[in-house]
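> Please read through the structure below; I'll follow up with questions.
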Amino acid sequence: SANEIPIELRKLARAFNEMLDRLGDSLTRLTEFSSDLAHEIRTPINNLMIQTQVSLSKLRTADEYREILYANYEEYEKLARMISDMLFLAKADNGLLVPHRETIDLAKEIVTLRDFYEVIAHEENVAITVSGHARCQGDAIMLHRAFGNLLANALQHADKNTTVTIAIENGHDHVAVLVSNHGAPLSPDQLPRLFDRFYRADSARTKQDEGAGLGLAITRSIIRAHGGDIEVACSGDLITFTVTLPK
């Protein structure tokens, strides 16, 4: 116990224990990540193997072979997208993401994203509103991807007949973008894990068309590469992601 340690060493012991806790948590997450990665890759590969075995079980018409090839192509696309995302995150981990700097009108960029996602939102009976104006320096392509991931995530988990709101705030030395949706509440221990690779919250928030679970990890990497940060909070059924970027 702490009382059995000489008072001169208690601060050092406490720091050492905290370091061990962090290492243990990192090891646990690495183990979970390896397991999730194997599972995510195994699924499309199994689908490809089964479809190929079925196609080889007997002679088929040209149209049937064409249909099988289309199905296989979809699985290849999933694998290619996952590999591309993992390479992107590996670059981020090693500080190799170097954003191009230009002046970006955040309202214009986000309205463009809203227009793109409105068809999906309409199918789910979800509205999208955008408010506020601000400019920042950054890489337009990277930030477009980051905010696109946030909006896609909000629409994916929004309850029907609700509104996804995007609020742009212009601060003195920074800008903020708040993306909010109404959906299944999240517990405090789930919130920080939303940015983990392949992490998914409980089944109540999971839909059949959900991706590999890399979108929010990529978003955080992009925002941090710009010198900003991203946080998430939950109040009842309202989930809000807050992005801050330096001007």
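> Please compute the length gained on full extension between His100 and Asp115, using 0.36 nm multiplied by the number of residues separating them and subtracting their Cα-Cα distance. Let's see the in-between values first.
Details: separation 15, 0.36 × 15 = 5.40 nm, distance 2.49 nm.
Length gained, His100 through Asp115: 2.9 nm.
> At a 1.4 Å probe, what is the % contribution of carbon and sulfur to the accessible area of the chain?
Here it works out to 56 percent.
> Turning to a different aspect of this structure: Out of Arg81, Arg22, Arg197, any idea which swings most in a Gaussian network model of the chain, alpha carbons joined below 10 Å?
Arg22
> A follow-up question, please. How much area per residue is accessible in the stretch 20-140 when the probe is 1.4 Å and only protein heavy atoms are counted (Å²)?
70
> Per q in 0.12 Å⁻¹, report the Debye log10 I(q)/I(0) for the stretch 1-160, using one uniform scatterer on each alpha carbon and no solvent.
-0.91
> Hey, another quick one. Find how much the distance from Asp63 to Arg42 grows on full extension, using 0.36 nm per residue of separation minus their present alpha carbon separation; answer in nm with one decimal.
Length gained between Asp63 and Arg42: 4.8 nm.
> Hey, another quick one. So if we plug the beta-carbon distance of Ala167 and Tyr70 into 1/(1 + (r/R0)^6) with R0 = 41 Å, what FRET efficiency do we get, rounded to 0.05?
Computed FRET efficiency for Ala167 and Tyr70 comes out at 0.50.
> Which one of Leu69, Leu59, Leu96 has the biggest mean-square fluctuation once the chain is modelled by GNM with Cα springs under 10 Å?
Residue with maximal mean-square fluctuation among Leu69, Leu59, Leu96: Leu59.
> Pick out, in residue order, every one of the trypsin sites (Lys or Arg not before Pro) in the stretch 84-165 that is DSSP loop and has at most 15 other C-beta atoms within 10 Å; say none if there are none.
Working: sites: Lys91, Arg101, Lys108, Arg114, Arg135, Arg145, Lys160; in loops: Arg101, Lys160.
Qualifying residues, ordered by number: Arg101, Lys160.
> Could I ask something else about it? State, to one decimal in nm, how far the label point of Asn17 lies from the label point of Ala233, with both points 7 Å from Cα in the Cβ direction.
3.2
> To the nearest 20 Debye, how big is the dipole of the stretch 46-166 about its Cα centre, given +1 on the beta carbon of each Lys and Arg and -1 on that of each Asp and Glu?
About 220 debye.
> Testing the spin-label approximation: label points 7 Å from Cα along Cα→Cβ at Asp159 and Ala90. State their distance in nm.
4.3
> Length gain on complete extension for the stretch Gln53 to Glu77, per 0.36 nm per residue less the alpha carbon to alpha carbon distance?
That pair, Gln53 and Glu77, stretches by 6.7 nm at full extension.
The values are calculated or read from the model by the stated rules, or taken from the named source; none is laboratory data. These numbers come from a predicted model, not from an experiment. All Cβ positions, even for glycine, are placed from backbone atoms using ideal geometry, and neighbour counts span all protein chains on display. Quick note on the areas: whole protein, heavy atoms, side chains included, nothing else; ligands and nucleic acids left out. Shrake-Rupley method; radii C 1.70, N 1.55, O 1.52, S 1.80 Å.
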